[in-house]
Amino acid sequence: MKRRLFLAVLLLTACIQLLIAQEVNSTLLLYNVNIINVVDGSISQNSALVMMGGNILTIGKNETLRKKYKDSKKINGERRYVIPGLWDMHIHLEGADLVPDNKALLPVFLAYGITTVRDCASDLGEQVLKWRDQINHDSLVGPTIFTAGKKLEGKNSIWKGDLEIATEVELNQMLDLLDKYQIDFVKITENRLSGDLFLKGVISAKARGYKVSGHVPFDLTISELVDAGFTSIEHASYMLRLGGDEEEVKQSVLSGKLTKGDAGQKYAKSFDQARAIVAYEKLGQKGLFVCPTLIGSRQLAFLDQNDHQKDDFLKYLTQRFTSNYAWRINRMASDTDEQKQQRKDSYELVKKQLPYLQKAGIKIIAGSDAAALNTYVYPAESLIEELMIFNEAGLTPLEILQAATINGAQYFGKFNTMASVEEEKVADLVLLDKNPLEDITAIRNIYGVIKKGRYYDRVALDGMLKQAISAKSSLDLERK
C-alpha cells in the first residue's frame with residue numbers, strides 16, 4: 001500500500017515537472033477571454049493574450065492574435081474572466097518535523113489560484129529559502145515565495161527558530177546573517193524583545209534597504225514604528241490601539257503602572273472609533289500597509305460553535321501537522337462565557353475597521369496567517385475565507401481583488417513587473433468561470449491557472465490536489 005501511494009506521488013510530480021519542461025520556452029495564446037483590470041475595475045471583453053518565457057508578450061483582439069500566433073499553443077477561454085494570480089501576504093511554512101508535509105502543500109496554493117506568498121518567518125527559514133530558489137528556477141512546483149527567513153526576537157522567545165537578541169551588537173550580527181540568507185524582508189516580533197531594541201531593529205533593517213514588518217510592542221506607539229520605517233503591521237487587531245491614548249499606555253507600561261495584559265484590556269475598553277479614524281488618516285498619508293489576518297481570529301472566536309472535525313481541507317493535512325492545533329484548543333478550554341464573548345466582540349470590532357482603513361488610504365494586504373500552529377487556519381483555503389470576510393466587512397469586490405493582488409506587489413516594489421494583466425509583466429493568471437467584480441465568490445470557481453506562462457487546466461489542478469492527498473496518506477502511514 002505504501003509503495004503504491006509513493007509511486008502515485010512520484011508519477012504525478014513527474015507529470016507536472018514534464019509540463020514545466022515542455023512549456024518553459026513555448027508560446028501560449030489564451031483567447032476569447034474577458035480581462036479584468038484590477039487597478040480601475042474595467043474589463044476588456046473578447047480579448048486575447050500571448051505569453052512567452054514566463055511573461056505576457058502582448059494583449060489584443062482575438063482574431064488579430066489568433067492569426068499572428070497561429071502556430072502557438074492555444075487555449076479557448078470561452079468568455080471566462082482573467083485576473084492576476086492571488087497573493088497570500090502572510091503564511092508560515094513551519095515545523096522542523098514537517099518538512100515533507102509543507103512541501104507537499106506548495107502545489108495546493110496554485111490549485112487555489114494563489115501564485116505568490118509571503119512567508120513571515122519560522123523555524124524552517126533556511127528550508128523555505130531553498131524552496132523559494134527552486135521555484136524561481138523551475139525545479140519545484142509552487143507559488144513564488146517572498147520570505148523573511150527567520151524573525152528577530154528577544155531572548156527565550158516562545159517561538160522556535162527565532163534569531164534572539166539582547167543587545168545592539170547581537171542585532172547587527174543577526175541582520176548580517178539575514179543579509180547572507182538573502183531574505184526578502186525583515187520580520188520583528190515583541191514576545192521577549194524590548195521596545196527600545198525593537199525600534200533599533202526597525203531603523204537598522206530599513207537602513208539596509210529592507211521592508212520591515214511585525215507586531216506592535218506595548219512600549220512603543222504605532223506612529224513611532226511607522227516613522228522609523230515600519231512597512232506593515234501584521235494583524236489588524238493592533239490597529240484598535242489607535243482608538244485610545246497610545247502614549248499614555250506606553251508610559252504606564254514603561255513605568256510599571258500597567259502590565260502588558262492590563263494594557264491590552266485598557267485598549268479594548270476605551271476604544272474610540274472617531275479617534276481611531278483620525279489616526280488612520282494620518283497613517284494612510286505615510287504609506288502604511290496592514291495585513292488583517294482575520295480568519296485566524298474568527299476560527300478561535302467561534303471555536304465553541306463550529307465543529308471543524310469534518311472540514312474538507314483536512315484530507316490534505318497530515319496527522320502530525322494537525323496535531324499542532326491542540327495547543328490553542330487546550331489553552332482556551334477553560335475560558336468563561338464572558339471570555340468567549342469578548343473574543344467574538346473583538347473579532348467583530350476589528351472586522352468593522354476594514355472600510356475605515358481602506359478609506360483612510362492605508363493599504364490592506366490580504367494574508368491568512370496559515371500555519372501548522374494556527375488552529376484550523378488552512379494553507380490556501382484560509383486566504384479565500386479571509387477574502388470572504390473582507391466582503392462581509394463591506395469592502396467592494398474590486399478592493400478585495402486589489403488587496404490580494406496589486407497591494408502585495410506594491411509592498412515589495414514589484415508592481416512594475418507583477419500582479420496585473422499587462423504586457424511585459426509576469427504571466428501569473430487565474431481563469432475564472434464567473435465575473436468576480438459582480439460576486440467575489442467567483443474566485444472559488446477556477447477553470448485554469450497560469451504560473452509564469454505555464455497553463456494548468458482543471459485536470460492538472462485536480463491532479464495537484466490528488467497528489468497532496470496521496471502525500472498526506474503516505475506520510476501518515478510511514479509514521480505509524
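General remarks:
- Carbon plus sulfur fraction of accessible area for the chain, probe 1.4 Å, in percent: 49 percent
- For the chain, the solvent-accessible area with a 1.4 angstrom probe is 42 square angstrom per residue.
- Residues listed by number, the range 233-276, amide nitrogen under 12 Å from residue 158 label point at 7 Å toward C-beta: 261
- Near residue 369, the amide H atoms lying under 5 Å from its own belong to 90, 91; only residues 5 or more places off or on other chains count, and H is placed 1.01 Å from N.
- Diffusion constant of the range 157-254 at 25 °C, which comes from Stokes-Einstein with the Kirkwood Cα-pair radius and 0.890 mPa s, µm²/s: 177 µm²/s
- Sorted largest first, the principal axis extents computed over the alpha-carbon atoms of the range 165-216 equal 26, 21, 17 Å.
- Most to least packed among 361-369, 311-319 [average Cβ atoms within 10 Å]: 361-369, 311-319
- When peptides 97-103, 257-263, 331-337 are sorted by average Cβ neighbour count within 10 Å, with the highest value leading, the order is 97-103, 257-263, 331-337.
- Under 5 Å between amide hydrogens, built in the peptide plane, is the criterion, and for residue 434 it picks out 81 among residues at least 5 positions away or on other chains.
- In straight-distance terms, cross-link reach from residue 266 covers every one of the lysines whose alpha-carbon lies under 26 Å from its own, apart from those fewer than eight places away in the same chain; here that gives 250, 257, 282, 340, 344, 351, 352.
- Here the mean projected area of the convex hull built on the C-alpha positions of the chain is 22.6 nm².
- Cross-link table 103/155; 286/359; 452/472, entries beyond 18 Å C-alpha to C-alpha: 103/155; 452/472
- The string of couplings for the range 397-405 from the Karplus curve (6.51, -1.76, 1.60, θ = phi - 60°) is x, 5, 4, 5, 4, 5, 4, 9, 9 Hz, one whole number per residue in order, with x for Gly and Pro.
- The share of C-alpha pairs in the range 400-462 whose separation exceeds 17 Å stands at 47 percent.
The values are calculated or read from the model by the stated rules, or taken from the named source; none is laboratory data. Because the structure is predicted, anything quoted here is derived from the model rather than measured. Every residue, glycine among them, receives a Cβ derived from its backbone with ideal geometry; neighbour counts consider all protein chains shown. Each accessible area value is taken on the protein alone, full model and side chains, heavy atoms only, with ligands, DNA and RNA left out. Shrake-Rupley method; radii C 1.70, N 1.55, O 1.52, S 1.80 Å.
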